[in-house]
Amino acid sequence: MADLTAQAPGSVAEIQAQYADLTRRKRIYGGVLLALFIALMMAGFRTADDRNAGSFADGYQRIFDYPAEVLSEAGEKVAELPAHVVHFFPALVETLNIAGAATLLGAILGTLLSLLSTRGMAPWPALIPVFRRVMDICRAIPEIVIALVLIFLLGGGPVPAMIAIAIHTAGALGKLFSEVNENASLKPVEGLNSTGASWAQRMWLGVIPQVGPNYVSYALLRFEINIRASAILGFVGAGGIGYELKNSMSWGQGKYDEAAAIFILLFVTIVVVDQISGALRDRLTHGNRKGA
Amino acid sequence: EEISEFRIGILGGENAQDRLNSNECLRAKTEELLGVETKLFAPADYNGVIQGLLGGTIDMAWLGASGYAKTYLSDPEAVEPVLVKVNVDGGYGYYSVGFARKDSGINALEDVKGKVFGFGDPNSTSGFLIPSIEIPQQTGSTMQSGEYFGEVKFTGGHEQTIVAVANGDIDAGVTWADGLGNWEDGYNSGALRKAVDAGLIDMNDLVQIWQSKPIPEGPVVLRKALPEDVKVKMTALMASMPAMDYDCYYSVAAGDSKGFQPITHEAYEVIIEARKLKSN
Amino acid sequence: MLRINKLTKRFGDKTAVEAATLDIDKPCMLGIIGRSGAGKSTLLRMINRLGDASEGSISFEGREITTLKGKDKRAWQSECAMIFQQFNLVPRMDVVSNVLHGTLNRRSTLATMFNLYPMADIHKAIEILDRLGIAEHAPKRAEALSGGQQQRVAIARALMQDPKIILADEPIASLDPMNAQTVMEALRRIHEEDGRTVIANLHTLDTARRYCDRVVGMRDGRIVFDGLPEQLTTGVAREIYGAGADFSEAATSTEIETLDKTQAVRTAEAYV
Amino acid sequence: MLRINKLTKRFGDKTAVEAATLDIDKPCMLGIIGRSGAGKSTLLRMINRLGDASEGSISFEGREITTLKGKDKRAWQSECAMIFQQFNLVPRMDVVSNVLHGTLNRRSTLATMFNLYPMADIHKAIEILDRLGIAEHAPKRAEALSGGQQQRVAIARALMQDPKIILADEPIASLDPMNAQTVMEALRRIHEEDGRTVIANLHTLDTARRYCDRVVGMRDGRIVFDGLPEQLTTGVAREIYGAGADFSEAATSTEIETLDKTQAVRTAEAYV
Amino acid sequence: MTTMDLNTAPLKGQMDKLFFKKRLMNFGIPAVILAYLTYVFFAFDVPGLWERASMDNARTLVSDTYSYKTHVTRDNRTGDVTYAVEGERKGEYPEGMSPEWVTPGTTTVIDLTGGHVVRFGPETIEYDIPGYGLVTATPSRTQGVQAILPEGDVPQWINLSKNRLAITTDAGRLTVTRNRAEVFRYFYGWELFFFTLDSPYHGLNPFELAGRAVSGEAGAIWNDFWNNKMWRHGDVAWAIGETILMAFLGTFGAGLVALPLAFLGTRNFMPVRVVRFAARRFFDFVRGVDSLIWTVVLARAFGPGPLTGALAILITDTGTFGKIFSEALENVDEKQIEGVSSTGAKPIQRYRFGVIPQITPVLLSQLLYFLESNTRSATIIGAITGGGIGLLLTQAIITQKDWEEVSYYIVLIIVMVMFMDWFSGWLRKRLISGDEGGH
Ligand SMILES: Nc1ncnc2c1ncn2[C@@H]1O[C@H](COP(=O)(O)OP(=O)(O)OP(=O)(O)O)[C@@H](O)[C@H]1O
Ligand SMILES: Nc1ncnc2c1ncn2[C@@H]1O[C@H](COP(=O)(O)OP(=O)(O)OP(=O)(O)O)[C@@H](O)[C@H]1O
Ligand SMILES: [Mg+2]
Ligand SMILES: [Mg+2]
């Protein structure tokens, strides 16, 4: 494109030739990209299919076997479902608590990390890359890794899961928060600085009021994600509803009614929290737009 | 009827890759014998292998007795037991042992009353099924949390039970052992022995508080839908392995033992009944 | 009182302020003029310790300022209030809170985080706002105010600090002439009534002439003029602004009386 | 050629176009004027079949248009190009691709999916762009162009359709007078050189007078005037626009010659 | 100015009230958070947990991550002594080979450095501990382990019972039971990381290796490294590949499936309310069920393996993408679509040129963002059933030895996720560069 304007093409023929050239290049580029993508997808699928115990071609008709098995048993014992729901409710509360506490702790830690790694706000600018890396690493480690290691040290239960999720949340929110921070105005911070305010005062009074609504909105989104994460961690011994679900699912025939009850509980919770937090987030970001 | 590949599922207890490694010779022999591509799969837990057998994506596996019972209860037509491992002493069986920390003051099952008791995996015979039936017989109560024991938990597996007891997360737990050799070594084989060998626990710190009746060793099962000749060939291969290649047998059977011996479904009916008992 | 000696500031290769020397013996209202990039802001920021000096010293009542660290530095900042061209208020907070930020240095961090300002401070803040004629906006958010009002809030914050010196970095550059006049008059009154030293960077000659007791001219980081407003002749101004013979007073004027010349000013400024 | 008979369009209770009847015998440049909401856009959209008529008929060269469906309807649309006030280009695609969209109806779906147009079409597109004086922008994204250039791209797309009729819905309403003139001249040239019928909705009387062979006035969905530009007296205009005696020509003018009156126009337009 | 007191008095009152309210808020929110955290603190029994937290385990874990131990084991029945790295079969020293700090013989002398010496005699085991004295132990079938310690109290680091003696010192660890006597000596590093003991390349320095490689053994060297029995680099590489594969197939597969479905869930493209509602609830459902449950469900149909994991991700993300894409589609600019339709374009062309160019930036950036986060999900899903690095990691953790492998896997996972993060960011920039102006 640059050469086009540089030469200031005079004749139509010239433009035609150049455009045709461009089109050809685009077509080749696009074609290669598309071919590459298709090839990658196909090869990837073939490899995965090959390394899987059952193949896609054989298995796809059986997708509903397992749900059917669970549902038929749950259907037979439908009368017991309410009792199960009540029985497993405390486990659900534990899962929610894991997610809630982890989100809170993670958000607090993430706020700190993000402030420490935003230019203009960081008290030690030289350490910004360090804190950035810390966030990257916190974000990169899957929760399950930290949880399993902590379960080894602390024993099973909700705390390892909470810490694991909190660490990951701190990294993830830290990154989002620092993007928000970048867009915040530094003028109030400088103004406060000129009055002799300490770092904590500058951040609390100068930055947080600007970024607060966005922070809360991101934290809510994270809470949704963390509920799932905390349910998953139950699968590896971190307590809560995931633990109960795993036990009844892996027992199989005979406890599928419990599995179904737990599943309903979990699913309804996730959907409800999704909807509520979605509405809240909408209000927050909307109100923010009006305010700013 | 032809098969295009043969898939062997391997249960947990070791690193996934260690499991694959120790069964690699079996895979090679099978491939040579059947003339089709043979693959090994080492899912994360009992349930993974069982689902594979039920769904027809795994052709052969060496299950625990309770795992077989689960498979049978889900679908009686899915698999058939063909062989069972025979110990060096000629018997086939092992034990579920209950244990606790020595410094906790617990010396017998009765001392655990009101405290926290831990099982392993719900699909484990020695880690759950048998103790969950035999212990209440001894205590005269149930295994419900709060009835006899203060709380009853699943730790997820034998290894986790041992660590949980050693850490004091639970007051007592059950795991498996062959019952041969000495307590201070963690017996000749079993989960305790592995933990000792890994330097994870010191047997001096633990006491045995309970032992089950002998538990039948789990069967090697084949998918019923397999062609007859494949079943015959695989049974023969497994049975003749100690004689043909002891090293390979040693790693497949995870230790010294006499060999495989034919077995039928009837041997597991007790276990199946037990399992039914535990379902609701 | 304030003694600046060979103060230098470098940004990489660029020397923003070069060996600036300045002596203020008694409270006065001092205007600093100079074209864009002359180093005016940099100088003020060094005095307030928003930026560190590369060389040289600043001393106030005998105390060395440039070497202060941590707590002491912040204490100095609280004695030496700063007013910015863009007001630098917290826009989402109410006016009184913004004014109360002037007391941050004296109050414990924790207390201020919970808005625990003493009642006396709150009342004093309102009195200051009243003095500046914007008391009725006290409960509004700062962002809801006009530029001139916001700048007066900034001045109120500065007064709240009860400072010995007030530094003002082009306090009227973002304001229309009407508001500019109000703000400059407020600063002058503060100097006269409270006897505080006011140092203001100014863009325009006539503002400096009209409100200041003493004018300092900067050019390319150096102080090239230091004298009474009367001494600020067009020739001197030409030198400060580095302009040619076509330099005209109007080019730097924003007085209301010359409002109709705005168009001309714009063009001229572009040239300057 | 084009025969519109008692064409009516209702939106719920509201009748946007009411029994409009219009006859075009030979290629001409026709301007439709009328105040906002008169039904001009609705009429054009019905002709292009972007909206269905409630009653009445449109026939073109004897063929009934209002009842066309699917393939036939699309074929008609390709014969009858439409130009929009907001250009309605694909801003992220380059100019030539946008022009080539005019050929979509003739080309196979599959080929166009992958942007595979015949080279001949591409060359033709560039020639059309050249005719409209914007060939040098050919490889740029449409969004990178100014409003007037974008509207010329839209005209190029229309020409690319090789249509019998070009409908233009207030083609110059979003443009400044300079660009408006270029665009109107382009449309006029297309009519004169290619002999295509151009029907343009126009906001302004003088544009209609200057470029059109025939002017139609609409008011409240009805056609209230149909005649030569010369017949469009201030009295008639007053009637069309439903304005009082204070109606002034200038109120609807955007001609460059009246540029200095813009201020007045704005105020007057607000009134209209 | 003169009326100052008149008008500021009510204002002061008003401000007092305002600040009171602010303080209430300022205290209220942190108080609620604090109260909640306190509740959680006790609900989760953190104090009890802290008490029980096993520092010994932590020490084992930490030291095991950067060190390894070599076992010297004596079978007390036969008297045979074997040497093995980490006590594993594949780490065993070949017959006749022994570490240089061990002197085999009738009495095997094991030098644990720092004056610590262990001797496996024909009958008794001796451990000479500097600063403490000589400990001897005689294991016998009938009498258990008879240990003789120096005078005084038995120190904490000696754990003695009738049948078992365990001594743990900084230099190493000795256990004697009736059946066996075993010494661990600790070393720094990840032993056998490059080559196992049975490889001819074990113990060669890089220059020697380079020399050998040049002289035509490069293939063999690579082979010995790649197939290292202890660390199994080849398998680990496959596992990483499988994890990325799951993420890739799942993410892009979901994108392809979700794009057409997303149209069904939008107000502007799907006039039939019932369909729209159904599509939206469908998205909510597959999203809500979560990839984990899908993994379990699919495991029945497809068995263990990466395909199952990929499909689980695909299904969940179809829901997520469906929702995101629908929202993007509802925000498209109608003018462009109208412009394209007015030329007589077919419906598919209308979508292709009127809609797709508008949503590609959203689409691509979301896809690439999820590619990175799905790499993490794939690790977790792999742990539950599929395979890949997640399975290796969880199994290594659950079996609770080989912490050096655990740390190796963790490092690999972090590197993998960070790489995918960088890669997707890079692609995003390349593919959508200059597109910000498009909206
Ligand atoms: N943070 C910085 N980094 C690099 N150079 C800077 C920085 N701040 C200022 N400078 C440079 O120092 C010189 C003096 O800047 P300063 O802002 O003090 O000028 P000024 O007189 O206040 O001008 P203005 O009227 O535009 O505010 C300028 O050339 C400027 O580019
Ligand atoms: N989709 C629609 N739904 C309901 N009413 C409509 C719709 N489109 C147009 N109308 C109504 O029909 C009437 C005619 O509208 P139309 O857009 O044709 O007017 P116009 O002459 O083009 O005006 P303008 O100069 O504002 O473009 C208006 O009152 C408008 O409110
Ligand atoms: Mg400045
Ligand atoms: Mg219109």
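Data overview
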{"quantity": "Compactness of chain B as Cα Rg over 2.2 N^0.38 Å, two decimals", "calculated": "1.01"}
{"quantity": "Long-range amide H partners of B:Ile209 with built H, under 5 Å", "calculated": "B:Gly98, B:Phe99, B:Ala100"}
{"quantity": "With eigenvalues of the C-alpha gyration tensor scaled by 5 and rooted, the stretch A:175-267, Å", "calculated": "48, 11, 9"}
{"quantity": "Accessible surface ranking that places the most exposed of D:Asp169, B:Asp229 first, with a 1.4 angstrom probe", "calculated": "B:Asp229, D:Asp169"}
{"quantity": "Overall Cα dimensions of chain A - principal axes, largest extent first, Å", "calculated": "81, 64, 40"}
{"quantity": "Solvent-accessible ranking of E:Phe20, A:Phe89, A:Phe235, largest area first, probe 1.4 Å", "calculated": "E:Phe20, A:Phe89, A:Phe235"}
{"quantity": "C-alpha center-to-center spacing [the stretch D:43-71, the stretch E:415-429] in angstrom", "calculated": "53 Å"}
{"quantity": "Proximal lysines relative to B:Lys39, as straight alpha-carbon distance under 16 Å, when same-chain residues fewer than 8 apart are discounted", "calculated": "B:Lys29"}
{"quantity": "D_trans [Stokes-Einstein, Kirkwood Rh over alpha-carbon pairs] for chain E, 10 °C, 1.306 mPa s, µm² s⁻¹", "calculated": "56 µm²/s"}
{"quantity": "Heavy-atom accessible area order for C:Met119, C:Met184, largest first, 1.4 Å probe", "calculated": "C:Met119, C:Met184"}
{"quantity": "Loop-exposed GluC sites (Glu not before Pro) per DSSP, neighbour cap 15 Cβ within 10 angstrom, longest uninterrupted part of chain B", "calculated": "B:148-280"}
{"quantity": "Three principal axis lengths of the stretch B:49-118 [C-alpha, angstrom, descending]", "calculated": "49, 32, 16"}
{"quantity": "Sites D:Ser174 and D:Ala144, calculated FRET efficiency, Cβ-Cβ separation with R0 25 Å, nearest 0.05", "calculated": "0.90"}
{"quantity": "Residue-averaged 222 nm ellipticity for chain B, from DSSP H runs of 4+ at -39500 (n - 2.57), nearest 500", "calculated": "-10500 deg cm²/dmol"}
{"quantity": "Whole-Å distance, taken between Cα centres, linking the stretch B:1-75 and the stretch D:4-19", "calculated": "74 Å"}
{"quantity": "Chain pair B, E: total accessible area buried, heavy atoms, 1.4 Å probe, Å²", "calculated": "3500 Å²"}
{"quantity": "MRE, 222 nm, helices only [DSSP H, n ≥ 4, -39500 (n - 2.57), over chain D, to nearest 500]", "calculated": "-10500 deg cm²/dmol"}
{"quantity": "Directionally averaged shadow of the stretch E:69-188, computed from the convex hull of its alpha-carbon atoms, nm²", "calculated": "7.4 nm²"}
{"quantity": "Rounded to whole Hz, the Karplus (6.51, -1.76, 1.60) HN-Hα couplings of the stretch E:193-206, x for glycine and proline", "calculated": "4, 8, 9, 7, 4, 7, 8, x, 8, 5, x, 7, 8, x"}
{"quantity": "Sulfur and carbon atoms: percent of accessible area, the stretch E:233-435 [1.4 Å]", "calculated": "68 percent"}
{"quantity": "Calculated FRET efficiency for the pair E:Thr82/E:Leu134, C-beta based, R₀ 25 Å, to 0.05", "calculated": "0.50"}
{"quantity": "Fluctuation leader among C:Lys73, C:Lys14, C:Lys164 - chain C, Gaussian network, Cα springs under 10 angstrom", "calculated": "C:Lys14"}
{"quantity": "Entries in D:Lys69/E:Lys323; C:Lys26/C:Lys69; A:Lys77/B:Lys276; B:Lys153/B:Lys278; C:Lys140/E:Lys21 that, when Cα-Cα distance is taken, lie over 23 Å", "calculated": "D:Lys69/E:Lys323; C:Lys26/C:Lys69"}
{"quantity": "Whole-Å distance, taken between Cα centres, linking the stretch A:197-246 and the stretch C:147-171", "calculated": "40 Å"}
{"quantity": "Shape category assigned to the stretch C:68-199 from the gyration tensor of Cα positions, a/c cut at 1.5", "calculated": "oblate"}
{"quantity": "Heavy atoms of B:Trp183 accessible to a 1.4 Å probe, total area in Å² rounded to 10", "calculated": "50 Å²"}
{"quantity": "Helix E:306-330 vs. chain E, principal-axis angle (Cα, 0 to 90°, nearest 10)", "calculated": "20 degrees"}
{"quantity": "Label-point separation, D:Asp72 to B:Lys258 (7 Å along Cα→Cβ), nm", "calculated": "9.1 nm"}
{"quantity": "Cα long-axis angle, helix C:119-131 against chain C (0 to 90 degrees, to the nearest 10)", "calculated": "30 degrees"}
{"quantity": "Residue-averaged 222 nm ellipticity for chain E, from DSSP H runs of 4+ at -39500 (n - 2.57), nearest 500", "calculated": "-19000 deg cm²/dmol"}
{"quantity": "Cβ-derived FRET efficiency at R0 45 Å, E:Phe207 paired with E:Trp50, nearest 0.05", "calculated": "0.30"}
{"quantity": "Per-residue HN-Hα couplings for the stretch D:58-71 [Karplus 6.51, -1.76, 1.60; θ = phi - 60°; Hz; x = Gly/Pro]", "calculated": "10, 10, 10, 6, x, 8, 7, 9, 5, 9, 5, 9, x, 4"}
{"quantity": "Long-range amide H partners of D:Met82 with built H, under 5 Å", "calculated": "D:Leu167"}
{"quantity": "Pseudo-label separations to other copies for D:Met1 - Cα-to-Cβ vector, 7 Å, nm", "calculated": "8.7"}
{"quantity": "Rg followed by Dmax, in Å, when the stretch E:233-435 is reduced to its Cα trace", "calculated": "19.6, 70"}
{"quantity": "³J(HN,Hα), Karplus 6.51/-1.76/1.60, whole Hz, each residue of the stretch E:362-379, x for Gly, Pro", "calculated": "4, 4, 5, 5, 5, 4, 6, 5, 6, 4, 5, 6, 6, 4, 5, 4, 4, 4"}
{"quantity": "Residue pairs, from the table C:Lys73/E:Lys12; A:Lys255/B:Lys231; B:Lys113/E:Lys162; B:Lys258/E:Lys162; D:Lys164/E:Lys346, whose Cα atoms sit over 23 Å apart", "calculated": "C:Lys73/E:Lys12; A:Lys255/B:Lys231; B:Lys113/E:Lys162; B:Lys258/E:Lys162"}
{"quantity": "Cα-only radius of gyration and Dmax that characterise chain C, units Å", "calculated": "18.7, 59"}
{"quantity": "Long-range Cα-Cα pairs in the protein assembly as shown (distance over 44 Å), rounded percent", "calculated": "63 percent"}
{"quantity": "Accessible area buried between chains E and D, both sides summed, probe 1.4 Å, in Å² to nearest 100", "calculated": "2300 Å²"}
{"quantity": "Partners for D:Lys71 among aspartates and glutamates (Cα-Cα distance below 20 Å; same-chain residues under 8 apart left out)", "calculated": "D:Asp52, D:Glu61, D:Glu79, D:Asp162, E:Glu338"}
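The values are calculated or read from the model by the stated rules, or taken from the named source; none is laboratory data. Every value quoted in this text rests on a predicted model; they were computed, and no experiment measured them. All Cβ positions, even for glycine, are placed from backbone atoms using ideal geometry, and neighbour counts span all protein chains on display. For the accessible areas, the whole protein counts, side chains as well, though only heavy atoms, and no ligand, DNA or RNA atoms are used. Shrake-Rupley method; radii C 1.70, N 1.55, O 1.52, S 1.80 Å.
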